[in-house]
């Protein structure tokens, strides 16, 4: 019996996948549940398991090819003698068309080369001075169009080519940058988000004095007794989770024209990698203490850097936190990642002179900007949500 292997839909937003690596080769025996290939989705690289046992009879989509979901990419058979059904179009068809196209291009190129050789074999008419200049500047006279009598190449013809070459050197050279699959998907999603989502932005300042004191009191215990480094990001994640619990409308997504409310308080954390930005999710933030959040955050960042995140660790959050403070950014209005309805960008903590009870004091101040989808909630709810985050950080006992 022949079984088709199709490109699986490995995520809510996945429409196509790139085959990174076949873990088995044609003719190999396969057991059900065994890793078969690695696929790059719009969020991460995932291993695909065999759904049946047998032999890998034929691979249709090679490594590096992109196939839409449900497209046949290979066949598993009970034996290597079984006939493979013909596939209409698909990846294999496109591959065949590409081979034909390449053959035509090669044929044209060959004809062109023959023509050039024929032209080069003819005697070149050029003045002695033109020949001398061409030799000095290492220019092939056969590439120059002569403007003298009978097509004779003159000194001026060679100088014209020299000037053109000098002008080309002065023009800055452009180089196409190859994009990873993650970067291509990000470009598409962010452009779509900016076109379709009615963004609005709210900014608030937070006095980080008390939050810094709390972290300083706890950091020694965290590192010595529990082996976890507590960061300001952990306090931000906890405060965001508390605010989502207080203002549940913000904990929503916008999907197919409908507002979907989420009962679980999950926070996505934007993590930068060489392959592109990725957003792992810290689950049940409202139910975890700072130690558990710090441990989860540390583990997810490690997996993100090593490209080992599972799909379940990347999906489900209705809200994202992006901490740009370590890069010295004061503040930012960032683009929402659909179907989420909001994202919070925080800047650096910087000492500033502030007026408190008619006295000037130096305080560590952080700026936070919330990007909001106006289809899901309005400015009043967005402002209340920011106030709750601010309250949690300025009264950190609420987070413990």
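No value in this document is a laboratory result; all are computed from the given coordinates. All of these numbers come straight from a predicted model, not from anything done at the bench. Because the Cβ atoms are built from the backbone with ideal geometry, glycine has one as well, and the counts that use them run over all protein chains shown.
Using a basic spin-label model with each label point 7 Å from the Cα along Cα→Cβ, how many nm lie between residue 327 and residue 394?
It works out to 2.8 nm between the two label points.
For the stretch 2-87, what relative contact order do you get, as a whole percent, if you take Cα pairs closer than 8 Å and at least 6 residues apart? Don't skip to the answer; put the middle values down first.
On the way: 199 pairs, mean separation 32.1, N = 86.
Across the stretch 2-87, relative contact order equals 37 percent.
Among 368, 14, 326, 7, which comes first, second and so on when ranked by fewest other beta-carbon atoms within 10 Å?
326, 14, 368, 7
Could you tell me which of rounded, prolate or oblate describes the stretch 181-399, using a ≥ b ≥ c as the square roots of the eigenvalues of the alpha-carbon gyration tensor, with rounded for a/c under 1.5 and, failing that, prolate when a/b is larger than b/c and oblate otherwise? Numbers along the way, then the final one.
Numbers: a/c = 1.61, a/b = 1.21, b/c = 1.32.
Since a/c reaches 1.5 but b/c is at least a/b, the shape of the stretch 181-399 is classed as oblate.
Under 10 Å, Cα contacts only: if you run a Gaussian network model on the chain, which one of 263, 193, 239 comes out with the highest mean-square fluctuation?
263
Relative to the first principal axis of the alpha-carbon coordinates of the chain, what is the inclination of helix 90-121, with its axis defined by its Cα atoms, in degrees from 0 to 90 and to the nearest 10?
Helix 90-121 sits at roughly 40 degrees to that axis.
Within 10 Å of each residue's Cβ, count the other Cβ atoms and sort 73, 139 from fewest upward. Numbers along the way, then the final one.
Numbers: 73 25, 139 16.
Fewest-to-most ranking of 73, 139: 139, 73.
Return the FRET efficiency for the residue pair residue 70, residue 351: r is the Cβ-Cβ distance, R0 is 60 Å, and the value is rounded to the nearest 0.05.
0.60
If each of residue 362 and residue 291 carries a label point 7 Å out from its Cα toward its Cβ, how far apart are those two points in nm?
3.5
Pairs of alpha-carbon atoms within less than 8 angstrom and 6+ residues apart define the contacts here; what relative contact order does the stretch 181-399 have, in percent?
RCO, the stretch 181-399: 31 percent.
Quick check on the chain: helices-only [θ] at 222 nm, where DSSP H runs of length 4 and up contribute -39,500 (n - 2.57) each and the sum goes over total residues. Nearest 500, please. Working shown, then result.
Details: 8 runs with 137 residues, N = 400.
It comes out at -11500 deg cm²/dmol, rounded to the nearest 500.
According to a simple spin-label model (label point 7 Å from Cα along Cα-to-Cβ), what is the distance in nm between residue 53 and residue 226?
Modelled inter-label distance: 4.6 nm.
Using the Cα atoms of the stretch 2-87 to build a convex hull, what is its mean projected area in square nanometres?
Average of the hull's projected areas for the stretch 2-87 equals 5.0 nm².
Highest GNM mean-square fluctuation, the chain, Cα pairs closer than 10 Å: which of 68, 248, 123?
Looking only at 68, 248, 123, the largest GNM fluctuation is found for 123.
Using alpha carbon centroids, what distance separates the stretch 165-222 and the stretch 280-346, in Å?
So the separation of the two Cα centres works out to 13 Å.
By how many degrees, between 0 and 90 and to the nearest 10, does the Cα long axis of helix 155-170 differ from the longest principal axis of the chain?
The helix 155-170 is inclined about 10 degrees to the chain.
Calculate, in nm to one decimal, what residue 311 and residue 79 gain on full extension: separation in residues at 0.36 nm each, minus their alpha carbon distance. Write out the running numbers ahead of the final one.
Values: separation 232, 0.36 × 232 = 83.52 nm, distance 3.33 nm.
The span from residue 311 to residue 79 would gain 80.2 nm if fully extended.
Using a 10 angstrom cutoff on alpha carbons, build the Gaussian network for the chain and name the most mobile of 16, 348, 274.
274
Compute the relative contact order of the chain as a whole-number percentage, counting only Cα pairs closer than 8 Å that sit 6 or more residues apart in sequence.
15
To the nearest Å, what is the center-to-center distance of the stretch 38-60 and the stretch 228-257, using C-alpha atoms only?
35
Find the Rg to Rh ratio for the chain, where Rh is the Kirkwood radius over alpha-carbon pairs and Rg uses the same atoms. Present the calculation step by step, with values, prior to reporting the outcome.
Numbers: Rg = 31.1 Å, Rh = 26.6 Å.
Using Cα coordinates only, the ratio equals 1.17.
log₁₀ I(q)/I(0) of the stretch 123-170 at q = 0.15, 0.33 Å⁻¹, via Debye over equal Cα point scatterers, no solvent, to two decimals?
Scattering profile of the stretch 123-170, log10 relative to I(0): -0.33, -1.32.
For q values of 0.13, 0.18, 0.24, 0.26 Å⁻¹, compute log₁₀ I(q)/I(0) with the Debye formula on a Cα-only model of the stretch 336-400, without solvent.
Per q value, in the given order, log10 I(q)/I(0) is -0.50, -0.84, -1.10, -1.15.
What's the angle, to the nearest 10 degrees (0 to 90), between helix 290-305's Cα axis and the longest principal axis of the chain?
Computed tilt is about 0 degrees.
Within 10 Å of each residue's Cβ, count the other Cβ atoms and sort 143, 41, 203, 253 from fewest upward. Could you put the intermediate results ahead of the total?
On the way: 143 10, 41 23, 203 14, 253 20.
Least crowded to most crowded, the residues run 143, 203, 253, 41.
What per residue convex hull volume, in Å³, do the alpha-carbon atoms of the stretch 270-357 yield?
Working: hull volume 13.6 nm³, N = 88.
Output value, Cα hull per residue: 155 Å³.
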